[in-house]
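Student: Shown below is the structure under consideration.
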Amino acid sequence: MEAFEEATGAALGYLESVASSTRGATKTPVLDDHGDAVLNENGTPTFRVETWPIQTSGYVAASNTDFTSRADEPQLHTHVVVANKVKAKDGVWRTVDGRLLYRYQLAAGYLHEATRSG
């Protein structure tokens with residue numbers, strides 16, 4: 001159990017180091033050569049959205065370790081829920097950039113397995 005908890009901590013620490021991020025954004029109207037707004041097919045102005053990553057001080061997560069599967073067979077595993085809010089380095093609470101969590105979730109799982117069995 002101690003090795004399992006250590007592996008879970010390592011995986012969550014890794015995930016937090018690579019995937020705890022948010023994004024800033026600006027929305028700028030697209031203008032034609034005359035300086036008029038370019039309209040989309042609905043007749044509303046078109047905008048260009050630019051985003052950039054913003055570092056955070058970590059995320060808020062809760063975990064729960066289960067000892068059996070849904071079929072009531074032995075299966076040690078941990079469920080982790082990550083809140084959709086992170087505190088950016090500027091002190092503002094923003095939404096998690098979920099793309100990074102999705103991108104690195106498998107690597108965190110592999111690290112958990114390697115740490116647990118190593």
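Nothing in this text is a laboratory measurement; each read-out follows from the coordinates by a stated rule. Here the structure is a predicted model, which means the values were calculated and not measured. All Cβ positions, even for glycine, are placed from backbone atoms using ideal geometry, and neighbour counts span all protein chains on display.
Student: Which whole-number percent gives the relative contact order of the chain, counting Cα pairs below 8 Å spaced six or more residues apart?
Tutor: Contact order relative to length: 33 percent.
Student: Turning to a different aspect of this structure: If only Cα atoms are counted, what is the Rg of the range 1-54, and what is its Dmax, in Å?
Tutor: For the range 1-54, the Cα-based Rg and Dmax read 22.0, 68 Å.
Student: With springs connecting C-alpha atoms under 10 Å apart, model the chain as a Gaussian network and identify which of G91, G13, G58 has the largest mean-square fluctuation.
Tutor: G91
Student: Also, quick follow-up: For the chain, with a Gaussian network of springs between Cα atoms less than 10 Å apart, report the residue from R70, R94, R103 with the top mean-square fluctuation.
Tutor: R70
Student: What are the residues whose amide H is under 5 Å from the amide H of K85, where those residues sit 5 or more places off or on another chain and H is modelled from the backbone?
Tutor: Long-range HN contacts for K85: V60, V96.
Student: Oh, and also: How do 30-37, 83-90 rank on mean C-beta neighbours within 10 Å, highest first?
Tutor: Ranking, from highest mean packing down: 83-90, 30-37.
Student: Could you tell me the extents of the chain's C-alpha atoms along the three principal axes, largest first, rounded to whole Å?
Tutor: Result, largest extent first: 68, 34, 22 Å.
Student: Whose amide H sits under 5 Å from the amide H of S21, counting only residues 5 or more places off or on another chain, with H placed in the peptide plane?
Tutor: Amide H neighbours of S21: D97.
Student: Arrange the peptides 46-55, 19-28 so that the one whose residues have, on average, the most other Cβ atoms within 10 Å appears first.
Tutor: Ranked from most to least packed, the peptides come out as 19-28, 46-55.
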